[in-house]
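Working notes for the structure below.
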Amino acid sequence: MKRLRTLLLMDDHVCPWWLAYTFDNPLRRILHPPEKVLSGLVRQGQTVLDIGCGMGHFSIGMARMVGERGRVIALDLQDQMLDRVRRRAEKQRLSDRLILHKGEVAGLDMRGEVDFALAFWMVHEVPDQHAFFQSVKGLLKPDGRLLMAEPKIHTSEADLIRSLKIAESAGLNVCAKPDISFSRTALLAPVI
């Protein structure tokens, strides 16, 4: 888990917090509604992880989906992002379902495993993808899944294929390729 924290600390690869407003806006609720994008992947009572949660678009949606008994771990490197997630959660009365983690301070600081992990539009920012995928695999329950989505405007099909080969070498296999607007995707499962 400490290794994942180190991997996520590469500031020169991280999207600045203020730029998140360009893609985390009301239009995104139409293009990427969490309940639709994550349908069948996130269920009541689960513990889920939103890696690179940004301003919380998916974290907040997943908090509604996991219900009162579930938990969402929202992980980001930037205080400004986590502050926005916290405020959104408070406004929607979902704070009790969220655990906020700043990567550079606490890393994942997790015990146990997660049922589901989301890496939405962020894997291309990770410099050591092999170590990243190994770390995520280590957190997933045997039947857990990782949904990886990369922005089409920023990553090519060749980039996705490279990342998927790296994921496979880290012990994750592609089990589906969900259709998500403006994204190149893969649903990954741990090799058992």
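Details
- Filter pass, Ser135 being of a type in the set (Ser, Thr, Tyr) and buried (at least 17 other Cβ atoms within 10 Å of the Cβ): yes
- Meets criteria (over 21 Å from Thr155 (Cα atoms), surrounded by fewer than 18 Cβ atoms within 10 Å (Cβ to Cβ), of a type in the set (Lys, Arg) and modelled with pLDDT of 95 or more) for Arg97: no
- Condition broken by Val105, with the remaining ones in (1) of a type in the set (Val, Ile, Thr); (2) modelled with pLDDT of 95 or more; (3) closer than 19 Å to Ser135 by Cβ satisfied: (2)
- Looking only at the range 143-171, and only at residues there that are part of a strand (DSSP E or B) and closer than 12 Å to Val123 by Cβ, the one that is farthest from the chain's Cα centre (by Cα): Pro151
- Ile51 vs. criteria closer than 16 Å to Leu172 by Cβ and crowded, with 20+ Cβ neighbours inside 10 Å: yes
- Considering Ile161, Ile153, the condition of being exposed (fewer than 15 other Cβ atoms within 10 Å of the Cβ), free of Cβ contacts under 8 Å to residues at least 12 places away in the same chain and within 22 Å of Val37 (Cα to Cα) is satisfied by Ile161 alone.
The values are calculated or read from the model by the stated rules, or taken from the named source; none is laboratory data. Model, not experiment: these values are computed from the prediction. Ideal geometry is used to build each Cβ from the backbone, glycine not excepted, and the neighbour counts take in all protein chains shown.
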